[in-house]
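Structure first, then comments.
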Amino acid sequence: MPGPAEPTAPAASAPPAAVEQHTIDHVPDHERHGRVRDLFTMWFGTNIAPLPLVTGAMGVQVFHQSFWSSVLAIVVGQLVGGVFMALHSAQGPQLGVPQMIQSRAQFGAIGALLIVVVAAAMYVGFFASNIVLAGKSLHGLAPAVPVDTGILLGALGSAVICWIGYRLIHTLNKVATWVLGIGIVAGLTVVVARGLPDDFFTRGGFTFAGWLATVSLSALWQLAFAPYVSDYSRYLPRTVRTASTFWATYWGSCLGSTLAFLAGTVIGLAAPGTDDTVAGFDSAAGSFGPVILALFLFSVVNHNALNLYGAVLSLITIGQTFRTDWQPRQAARGAVSAVVLAASLLIAVGLAGDFVSQFVNLVLVLLVVLVPWTAINLIDFYLVHRGSYALGDLFLPDGGRYGRFNPVALVSYAIGIAVQLPFVATSLYTGPLVAPLGGADLSWLVGLAVTTPVYYLWARNRGEAAPAPGRRDAPREPAATA
């Protein structure tokens, strides 16, 4: 891992504003604040949510694994996927810009739009999925409130958090770490104390294909944070140790999501016959059920603010690509949030009736397109440029030293997707090599194994290197603001 940025004499830090003023622009040193340990609570609290609960239940509900087979797959997937997620997080304090802006250094100013569009679609998909769960949780607490009304209220709550921004998101996740962590452990204790089904440990079994599919879903949960995880570490001072950022993020995210995934596994077996894991938890917990629903409602509104935040930054990045003199601020974030909110509500209302199958399709498609991007981004940051970029060039119309298009990254990305296709196993498409492997989906492993050396060797042979000393500059301040 690269070490901290070159020592500089930082200006006196200004007190952070209550409402975040930055969007995709560089965060200057005098506005850096916070402690690296806040990343632990950030990612632990974020991951105690209904959506990882639903995903964790898929090991026993969709892939028919036994309890212990599912537990092992979840732990393996989280620990492996968390490495990539935390490596992205460690980039934030070094650069002070959002992850999608930094991708311009690999793909070029225009070429990076491909990745930004994919990321924006991912955020909108997860946002819509989460507000469905918010609507169902609210309906469970107050049956008089229709699910669609609950979806709207959950979306509005997330929008308020997104508009206020970085500080509120971190503060809420500090609260969530304790409240949701204790709450979900208490809920599971109640479920176990009320009695588990006789076949709890014998239902299902082990199949290699199902086990690997569960590992993949678990790893993907971590990989799905990769395009925006550094957005929440970019306000930390540049002098924080890269290793500290990595470990705080890694253990916070892995422990939080593992707890939620394992809870989903327990509920999937303790409340058979229902595809609605949240409702199953409510039922299995008895009189403690309403407490669980209330906690989940808070969790999903809080967690979903991150998806909306990521979608908004991605869309602003697309707009700024074509208008480089634009420096969007708080008003722009609010306007774009409203557009994303409206689109997501339309998707969510249509998604509510067939949630589980639609969500499975979404995450499996994301697996294919995220893997080669994460390989290219990490190899470029840690091995090619070694954490040193000409930040000002990332905001130039022609991309500066990085150009409008980088054929090395774009072709490597296309290769990374292409090599996965024969190994993909989804309801939408199944590759020709899936059957000989017993139905196992090995696409993500193949994508990582191929994309990593292809990009590294090609980039090194083309003479890609870190900018000369002094080029790690902050972006110029554009004249126009919004």
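With SER66, SER70 as the choices, which residue is over 30 Å from ILE131 (Cβ atoms), open to solvent by less than 50 Å² (accessible area, probe 1.4 Å), of a type in the set (S, T, N, Q) and at pLDDT 85 or above? Spell out how you get there, then give the answer.
Values: SER70 fails: over 30 Å from ILE131 (Cβ atoms).
From the options SER66, SER70, the qualifying one is SER66.
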Would you pick out the residues in region 243-279 that are free of Cβ contacts under 8 Å to residues at least 24 places away in the same chain and not aliphatic (A, V, I, L, M)? GLY273, THR274
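Kindly provide the set of residues from region 369-394 that are of a type in the set (Phe, Trp, Tyr) and open to solvent by 20 Å² or more (accessible area, probe 1.4 Å), ordered by number.
If we filter region 369-394 for residues that are of a type in the set (Phe, Trp, Tyr), which is where we start, we get 373, 381-382, 389.
Residue satisfying the conditions is TYR382 alone.
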Which residues, taken from region 409-441, are buried (at least 21 other Cβ atoms within 10 Å of the Cβ) and either modelled with pLDDT of 80 or more or not hydrophobic (A, V, I, L, M, F, W, C) (or both)? ALA409, SER412, TYR413, GLY416, GLN420, PHE423, VAL424, ASP441
Test for ALA243: is it surrounded by fewer than 24 Cβ atoms within 10 Å (Cβ to Cβ) and either of a type outside the set (A, V, I, L, M) or more than 14 Å from the chain's Cα centre (by Cα) (or both): yes
Checking THR481 against (1) modelled with pLDDT of 85 or more; (2) more than 30 Å from VAL62 (Cβ to Cβ), the condition it does not meet: (1)
Out of all the residues in region 154-162, is one or more open to solvent by less than 40 Å² (accessible area, probe 1.4 Å), within 25 Å of LEU341 (Cα to Cα) and not in a helix (DSSP H, G or I)? no
Search result, residues across region 271-283 that are of a type in the set (A, V, I, L, M) and either in contact with a Ser or Thr (Cβ under 8 Å, 6 or more places away or on another chain) or buried (at least 23 other Cβ atoms within 10 Å of the Cβ) (or both): ALA271, VAL278
Scanning region 189-228 residue by residue, those open to solvent by 60 Å² or more (accessible area, probe 1.4 Å) and either within 19 Å of VAL83 (Cα to Cα) or aromatic (Phe, Trp, Tyr) (or both) turn out to be PHE201, PHE206, PHE208
Do you know which residues across region 25-49 are open to solvent by less than 10 Å² (accessible area, probe 1.4 Å) and among the aromatic types (Phe, Trp, Tyr)? TRP43
Within region 136-153, restricting to residues that are surrounded by 24 or more Cβ atoms within 10 Å (Cβ to Cβ) and modelled with pLDDT of 80 or more, the one that is nearest to PRO407 (Cα to Cα) is ILE151
ALA248 meets each of (1) surrounded by 17 or more Cβ atoms within 10 Å (Cβ to Cβ); (2) closer than 28 Å to LEU341 by Cβ; (3) of a type in the set (A, V, I, L, M) with one exception, condition (2)
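Test TYR382 against the stated conditions and say whether it is over 16 Å from ARG462 (Cβ atoms) and under 23 Å from the mean Cα position of the chain (by Cα). So that I can check it myself, show each step before the final result.
Values: over 16 Å from ARG462 (Cβ atoms): yes; under 23 Å from the mean Cα position of the chain (by Cα): yes.
Spelling it out, TYR382 is indeed over 16 Å from ARG462 (Cβ atoms) and under 23 Å from the mean Cα position of the chain (by Cα).
Okay, residues lined up against (1) modelled with pLDDT of 75 or more; (2) touching a His at 6+ places or on another chain (Cβ under 6 Å); (3) in a helix (DSSP H, G or I):
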| position | (1), (2), (3) |
| --- | --- |
| LEU345 | yes, no, yes |
| LEU351 | no, no, yes |
| VAL356 | no, no, yes |
| PHE359 | no, no, yes |
| LEU364 | no, no, yes |
| LEU370 | yes, no, yes |
| PRO397 | yes, no, no |
Looking at this structure, is PRO93 touching a residue at least 60 places away in the same chain (Cβ under 8 Å) and touching an Asp or Glu at 6+ places or on another chain (Cβ under 6 Å)? no
Where a residue in region 140-165 is among the charged types (D, E, K, R) and its partner, wherever it lies, is in a helix (DSSP H, G or I) and open to solvent by 40 Å² or more (accessible area, probe 1.4 Å), with Cβ under 8 Å and at least six apart: ASP148/VAL349
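The values are calculated or read from the model by the stated rules, or taken from the named source; none is laboratory data. Everything numeric in this text was worked out from a predicted model, so none of it was measured. All Cβ positions, glycine included, derive from the backbone under ideal geometry; neighbour counts span all protein chains shown. Heads up: the accessible areas ignore ligands, DNA and RNA and are worked out on the full protein's heavy atoms, side chains in. Shrake-Rupley method; radii C 1.70, N 1.55, O 1.52, S 1.80 Å.
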